[in-house]
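To start, the structure itself, in structure tokens.
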Amino acid sequence: MTFKNQKIRLIMELRKLGITSTGVLAAIEKIPREIFVPKLIANRSYENTALPLNLGQTISQPSVVAFMTQSLELNRDDRVLEIGTGSGYQTAILSLLCRRVYTIERYKKLMFSAEQKFTYLSLHNIVTKIGDGTKGWEEQAPISNIIVTAAASQVPAVLADQLAQDGTMIIPIGDQFEEQYLVKVTKKKKTFREKKLMPVRFVPLVPGKTK
Ligand code: SAH
């Protein structure tokens, strides 16, 4: 099965939805989403929808992945901390646009599967950790860009602390069955600015033990 035409259609749709970053569009063109999607529904890989993963989790909608990545405004030299590896698709996209991605997932099984995909695609600038992402990654702080791919009721204080000066964090805020918004947090001289970007729907960020 070839996905070439479906991929071109998706990229055109993303452009219409306001994705203007050529880097982000090129990364979406390059990373095969079909290997991150469960085999049984791989034929739907280039629909602009979220799809179910194992363990009740989801692979995010391509337009949301693109929008979050674009909003991080990455430079080649940046290091990114990602909370919620899930399938690893968002991680793979990020890895093409920055120096290193540190990614944390609480489900071992999801992480093992994501790691296999990173190896298969020869993405060597991804560092993984199984753990509670609400605690961040102390050894790597301060870090210029943080992306959270699960929804929190508020910005986790530890993550805000680990964000570098002039850094950017993109995080969905809101409770599971209520309205959630993608929020862009910027840190300037120890003060934080929050800007609501758009309504979204994410699985919850769950603190505590790994599984
Ligand atoms: N970007 C991913 C989205 C995965 S869904 C993708 O496109 O595939 C969100 C992920 O966050 C889930 O895999 C979930 O297990 C993980 N998660 C939730 N709470 C977490 C926490 N406290 N620490 C680390 N990962 C967490």
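Mean residue ellipticity at 222 nm from the helices of the chain, using -39,500 (n - 2.57) per DSSP H segment of n ≥ 4 over the full residue count, to the nearest 500 deg cm²/dmol?
After summing the helix terms and dividing by residue count, I get -8000 deg cm²/dmol.
Based on alpha-carbon atoms only, what is the radius of gyration of the chain relative to the globular estimate 2.2 N^0.38 Å?
Dividing the Cα radius of gyration by 2.2 N^0.38 Å gives 0.95.
Quote the Stokes-Einstein diffusion coefficient, in whole µm² s⁻¹, for the stretch 32-98, based on the Kirkwood radius over alpha carbon pairs, a temperature of 4 °C and a viscosity of 1.567 mPa s.
103
Tell me, how many Å apart are the Cα centres for the stretch 1-29 and for the stretch 105-131?
24
How high is the FRET efficiency from F177 to K16, r the C-beta distance, R0 25 Å, rounded to 0.05?
About 0.25, to the nearest 0.05.
Let's see if you can work this out: charge +1 on each Lys and Arg Cβ, -1 on each Asp and Glu Cβ, no other charges. What is the dipole magnitude of the stretch 118-211 about its Cα centre, in debye to the nearest 20?
Value, rounded to 20: 220 debye.
Can you work out the accessible area per residue across the stretch 171-211, with the rest of the protein chains kept in place, probe 1.4 Å, in square angstrom?
That works out to 73 Å² for each residue.
Among G136, T85, S95, which residue has its Cα furthest toward the positive end of the charge dipole of the stretch 83-211, with +1 on Lys/Arg Cβ and -1 on Asp/Glu Cβ?
Comparing the listed Cα positions along the dipole, S95 ranks first.
Counting Lys +1, Arg +1, Asp -1, Glu -1, what net charge surrounds E34 among other residues with beta carbon under 10 Å of its beta carbon?
Surrounding charge for E34 is +4.
Spin-label point model (7 Å from Cα, Cβ direction): what's the T2 to T210 distance in nm?
The answer from the label model is 4.1 nm.
Rounded to the nearest 0.05, what FRET efficiency do S153 and V127 have when you use their Cβ-Cβ distance and R0 = 30 Å?
About 0.60, to the nearest 0.05.
How long is the stretch 59-121 along each principal axis, judged by its Cα atoms, biggest number first, in Å?
31, 23, 21
Leaving out ligands, DNA and RNA but keeping every protein chain, what accessible area does L96 have, in Å² rounded to the nearest 10, with a 1.4 Å probe?
40
Let a ≥ b ≥ c be the square roots of the eigenvalues of the Cα gyration tensor of the stretch 114-211; is it rounded (a/c under 1.5), or, if not, prolate (a/b larger than b/c) or oblate?
Because a/c hits 1.5 or more and a/b fails to exceed b/c, the stretch 114-211 counts as oblate.
If packing is taken as the average count of other Cβ atoms within 10 Å, what order do 63-70, 9-16 fall into, highest mean first?
63-70, 9-16
Could you pull the Rg and Dmax for the stretch 50-155, using just the Cα atoms, both in Å?
For the stretch 50-155, the Cα-based Rg and Dmax read 12.7, 36 Å.
What is the sum of charges, Lys and Arg at +1 and Asp and Glu at -1, for the other residues whose Cβ falls under 14 Å from the Cβ of N145?
+1
How much length is gained if the chain between D166 and K196 is pulled fully straight, taking 0.36 nm per residue apart and subtracting their Cα-Cα distance, in nm to one decimal?
That works out to 9.0 nm of additional length.
For the stretch 125-173, what is the convex hull volume of its Cα atoms per residue in Å³?
Taking the convex hull of the Cα positions in the stretch 125-173, it is 87 Å³ per residue.
If R₀ is 30 angstrom, what is the calculated FRET efficiency for the pair R99 and E29, using the beta carbon separation as r and rounding to 0.05?
0.90
Kindly give the semi-axes, whole Å and largest first, of the ellipsoid equivalent to the stretch 1-115, taking each as the square root of 5 times a Cα gyration tensor eigenvalue.
Semi-axes from the Cα gyration tensor: 20, 20, 11 Å.
Can you give the local net charge around L74? Use residues other than it whose beta-carbon is closer than 14 angstrom to its beta-carbon, Lys and Arg +1, Asp and Glu -1.
Local charge sum for L74: 0.
The values are calculated or read from the model by the stated rules, or taken from the named source; none is laboratory data. As the structure is a prediction and not an experimental result, all values here were calculated from the model. Glycine gets a Cβ as well: all are built from the backbone with ideal geometry, and neighbour counts include every protein chain shown. For the accessible areas, the whole protein counts, side chains as well, though only heavy atoms, and no ligand, DNA or RNA atoms are used. Shrake-Rupley method; radii C 1.70, N 1.55, O 1.52, S 1.80 Å.
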